[in-house]
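Participant: Here's a structure for you.
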Amino acid sequence: MSINLSQCFIAVDDHDKALAFYRDVLGLEVRNDVGFEGMRWVTVGSPDQPDVDIVLEPPLADPNASPADKDAMAQLLAKGQLRGVIFSTDDCDATFERIRAAGGEVLQEPVDQPYGVRDCAFRDPSGNMLRFSQPRTS
């Protein structure tokens, strides 16, 4: 039996801004763009991982949610308290420079971590934390 990651979800409050970041800055390909009941889901992914999708979804993808729940989710998203994703890269420093040059909000410059990686961190346009990790060589 094998178990593999198929999809992960990231809440975004503006799909067009999210697309400009995930597609244009990170270089992910757009695989699907679907509207349903006044909401929108956009699927992106790395060309190197055709079997793994990242779904950019509304902060509260439930048409029956109360206004209070929707407001609470929007507040959590604005604070960067929802999901985060860790991407692997073969060059953390070059990835950092590319994202920073494109205007990415820097949370952490590249640093060697004691657990064996060099990583950096940014916020996407919706406030989600994204880390970019490269295994360190001894």
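A short reminder: the numbers here are calculations on the coordinates, not readings from a lab. Remember, it's a predicted structure, so these values are computed and weren't measured experimentally. With ideal geometry, Cβ positions are generated from the backbone for all residues, glycine too; neighbour counts draw on all protein chains shown.
Participant: Enter the angle in degrees (range 0 to 90, nearest 10) between the Cα long axis of helix 67-78 and the first principal axis of the Cα atoms of the chain, meaning the one along which they spread out most.
Facilitator: So the helix axis and the longest Cα principal axis differ by about 20 degrees.
Participant: Using the count of nearby Cβ atoms within 10 Å as a rough guide to exposure, how do 91, 48 rank from fewest to most? Could you put the intermediate results ahead of the total?
Facilitator: Numbers: 91 13, 48 6.
Starting with the residue having the fewest Cβ neighbours, the order is 48, 91.
Participant: Now a separate question. In degrees, nearest 10, range 0 to 90: what is the angle between the Cα axis of helix 92-101 and the longest Cα principal axis of the chain?
Facilitator: Between the helix axis and the principal axis of the chain, the angle is about 50 degrees.
Participant: Among DSSP beta bridges lying fully in the chain, give the percent that are antiparallel, nearest 5. Kindly include the intermediate steps, with their values, before the conclusion.
Facilitator: Numbers: 22 of 32 bridges.
That works out to approximately 70 percent antiparallel.
Participant: Also: Tell me, what is the Rg over Rh of the chain, with Rh the Kirkwood radius over Cα pairs?
Facilitator: On the way: Rg = 15.9 Å, Rh = 16.0 Å.
With Rh from the inverse mean 1/r over Cα pairs, Rg/Rh is 0.99.
Participant: Still on this structure, I have one more. Suppose only helical runs count, i.e. DSSP H with n ≥ 4. What mean residue ellipticity at 222 nm does that imply for the chain under -39500 (n - 2.57) per run, divided by all residues and rounded to the nearest 500 deg cm²/dmol? Please report the intermediate quantities before stating the final value.
Facilitator: Working: 3 runs with 27 residues, N = 138.
Estimated from H runs of four or more residues: -5500 deg cm²/dmol.
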